[in-house]
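The values are calculated or read from the model by the stated rules, or taken from the named source; none is laboratory data. Predicted, not measured: the structure shown is a model, and the values here were computed from it. Every residue, glycine as well, gets a Cβ built from its backbone with ideal geometry; the counts of neighbours run over all protein chains shown.
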Amino acid sequence: MKKHIPNAITCLNLFSGCIGVTFAFSNDLTLAVYFIVIAALFDFIDGMIARVLHVYSPMGKELDSLADMISFGLLPAAIVYQLFLQAPQVGEMSEYLKFSAFFIAMFSALRLAKFNIDPRQSDHFIGLPVPANALLVGSLPMIISAGSGALDAYILNPFFLFVFSIGTGFLLVMEVPLISLKFKNFRLQENLYRYILLGSSILLILLLKFVAIPIIIFIYIVLSIIQFTRMR
């Protein structure tokens, strides 16, 4: 019975992603982002429970990827598509740029397929994990909904959204090793960069809220490059 517990939690990830997609296409982007966060929590918990219970199955691995494809691939793509629809059009060309939002879903699928067959990613990632990318995408409508207005004109620009969609796709499949947050132990020397990342993330979120997420992703990539460069 216990071997099915992680899969049940993975299904809750998938369920959350499906609900989030319906909110995204209904243009309720705030709720859509909340369901990315909920799905990310289930995604974290299912792996943790599987390790605690010492249960692993090939089906669980495939199910996890399928759930992630909806929650962290299709859902963020639908959010960016809705942002395109809210953006003022700049000539006829920008009318077709909105479909570039689904590059996020396409590159997420490539990232997940690559992860499943890449033996190098047992203790670190190659390319940005899809949950982190989905949270990065989700930060855009939350920054707008915060009501400051300072960044709205930049975010709701079809050419920015086009470059953002392509750029996040590149982050997903780039051949750059990135830190995994799976702790094998809690010794400072072996987890220094993880602790720096977690500490700076908590501080930035408290200070900047959703504006902090792009900064955290940048810090994550920089810390990873420093760590793996020093390990060579």
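Results, tabulated for the structure shown:
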quantity	calculated
Test: residue 202 is part of a helix (DSSP H, G or I), surrounded by fewer than 18 Cβ atoms within 10 Å (Cβ to Cβ) and either in contact with a Gly (Cβ under 6 Å, 6 or more places away or on another chain) or of a type in the set (Val, Ile, Thr) (or both)	yes
Any chance residue 73 is crowded, with 21+ Cβ neighbours inside 10 Å and of a type outside the set (Phe, Trp, Tyr)	yes
Check on residue 180, more than 22 Å from residue 17 (Cα to Cα), surrounded by 14 or more Cβ atoms within 10 Å (Cβ to Cβ) and either out of contact with any Lys or Arg (no Cβ under 6 Å at 6 or more places or on another chain) or not aliphatic (A, V, I, L, M) (or both)	yes
Scan of segment 22-43 for residues that are in contact (Cβ under 8 Å) with a residue 12 or more places away in the chain, of a type outside the set (Phe, Trp, Tyr), under 25 Å from residue 98 (Cα atoms) and surrounded by fewer than 20 Cβ atoms within 10 Å (Cβ to Cβ), ordered by number	27, 30, 37
From the options 164, 160, residue that is more than 16 Å from residue 220 (Cα to Cα) and free of Cβ contacts under 8 Å to residues at least 40 places away in the same chain	160
Selection count where residues are in a helix (DSSP H, G or I), of a type outside the set (Val, Ile, Thr) and surrounded by fewer than 15 Cβ atoms within 10 Å (Cβ to Cβ), scope segment 215-232	3
Filter result (at pLDDT below 90 and not in a helix (DSSP H, G or I)) within segment 91-129	91, 92, 93, 118, 123, 124, 125, 126, 127
Hits in segment 99-135 (condition: more than 15 Å from the chain's Cα centre (by Cα) and of a type in the set (Val, Ile, Thr))	117
Residues located in segment 135-175, provided they are at pLDDT below 90, farther than 21 Å from residue 75 by Cβ and aliphatic (A, V, I, L, M)	150, 151, 153
In segment 12-21, the residues that are touching a helix residue (DSSP H, G or I) at 6+ places or on another chain (Cβ under 7 Å) and either surrounded by 21 or more Cβ atoms within 10 Å (Cβ to Cβ) or farther than 12 Å from residue 76 by Cα (or both)	12, 13, 14, 16, 17, 19, 20
Unmet requirement for residue 138, which otherwise passes all of (1) in a helix (DSSP H, G or I); (2) within 20 Å of the chain's Cα centre (by Cα); (3) closer than 27 Å to residue 50 by Cα; (4) not hydrophobic (A, V, I, L, M, F, W, C)	(3)
Count - residues of segment 32-64 that are within 16 Å of the chain's Cα centre (by Cα) and either of a type in the set (Lys, Arg) or within 26 Å of residue 83 (Cβ to Cβ) (or both)	12
